[in-house]
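Peer 1: Pasting in a structure now, in structure tokens, and then I'll have a few things to ask.
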Amino acid sequence: MSSPKQNSPSFAPTNWRASFEVTADSENVDPRFGYVQTAAEAQGGNEPPVEPDHTIQLNIQPRENVEIPEFFFEPTGLHIEPGDTVKFNVATPHHNINAYHPRFGYRQRVPEETPPYSSPVLTAGDAWYYTFETEGVHDITCAPHELFGMVGRIVVGSATGPGANPVGEAPGGERARPPEFTAGTVLSDPALAPEKIVEKGSVSWSDVAAENKKLLLAPVSGHE
């Protein structure tokens, strides 16, 4: 006698799916999910709901004498004003933009009252728009490539908030983790000091010291 057929469980909350589907068709940049413009939509002339004030490119480039390439945001550090919109251009596939937010299991490296914003995983040619309303330091990562050092720092207005703390010293629960491996060394680079980003306006990946881009096999001491 065959056993009753079991329904497969859904691991995606219904309200999350509904929220994302509404966002994709909205005329505003959603404070949590942003706004996705696919490559096909861009080619078809579909305009985003807002003109970007700044652009960041998500790149991959070969790493000398190492099989695993460099994954990075360009610029890696950026100073903007509250209310500015950033367009993230996905030049290479399989990236996303993810806040260092406690709701994702990280130690808090975005300002208080900031929603847990994140894009979906994007393909080459896609773009993601996000309007930064909350003043302070916003540390972001590409979740698939975080451990390879694909992190960025956006200073909105002033260099304040939890993200202004050294890596590993931001608030968080017992299980919350800071940026680890090469993510930790990149964000700790002097070129990406929040005050330096405010002073320069933007900081290129090439400004980050080569020693802080090296691939690591274990978390950096002091960053646990």
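Peer 1: What are the radius of gyration and Dmax of segment 32-212, computed over its Cα atoms and given in Å?
Peer 2: When restricted to the Cα atoms of segment 32-212, Rg and Dmax are 15.3, 48 Å.
Peer 1: Could you compute the net charge surrounding D84? Neighbours are other residues with a C-beta less than 10 Å from the C-beta of D84; K and R count +1, D and E count -1.
Peer 2: Working: positive: none; negative: D53, E81, E133.
Overall, the nearby charge balance is -3.
Peer 1: Would you pull out the residues with amide H under 5 Å of I97's amide H, same chain only if 5 or more places away, H placed 1.01 Å from N?
Peer 2: The list, which skips near neighbours in sequence, is S119.
Peer 1: Please give the direction-averaged projected area of the C-alpha convex hull for segment 144-208, in square nanometres with one decimal. Please report the intermediate quantities before stating the final value.
Peer 2: Numbers: hull surface 18.8 nm².
Result: 4.7 nm².
Peer 1: Here's another thing I want to ask about it. Can you tell me the dipole magnitude for segment 32-212 around its Cα centre, using point charges on the Cβ only (Lys, Arg +1; Asp, Glu -1), in Debye to the nearest 20? Before the final figure, lay out each step's value.
Peer 2: Details: 11 positive and 25 negative charges, 85 e Å.
Dipole about the Cα centre, nearest 20: 400 debye.
Peer 1: So if I average 1/r over every pair of distinct C-alpha atoms in segment 81-182 and take the inverse, what Kirkwood radius in Å does that give?
Peer 2: Details: mean 1/r = 0.0725 Å⁻¹.
Mean inverse Cα-Cα distance, inverted, gives 13.8 Å.
Peer 1: Let me ask another. Rounded to the nearest 5, what is the percent of antiparallel bridges among the DSSP beta bridges in segment 32-212?
Peer 2: On the way: 27 of 37 bridges.
Antiparallel bridges make up about 75 percent of those DSSP assigns within segment 32-212.
Peer 1: In the neighborhood of A183, defined by Cβ-to-Cβ distances under 10 Å, what is the net charge if each Lys or Arg adds +1 and each Asp or Glu adds -1? Can you show the working numbers first?
Peer 2: Details: positive: none; negative: D139, E146, E180.
After counting each charged neighbour, the total is -3.
A short reminder: the numbers here are calculations on the coordinates, not readings from a lab. Keep in mind the model is a prediction, meaning the values are calculated, not measured. Cβ coordinates were reconstructed from backbone atoms using ideal geometry, including for glycine residues, and neighbour counts include every protein chain displayed.
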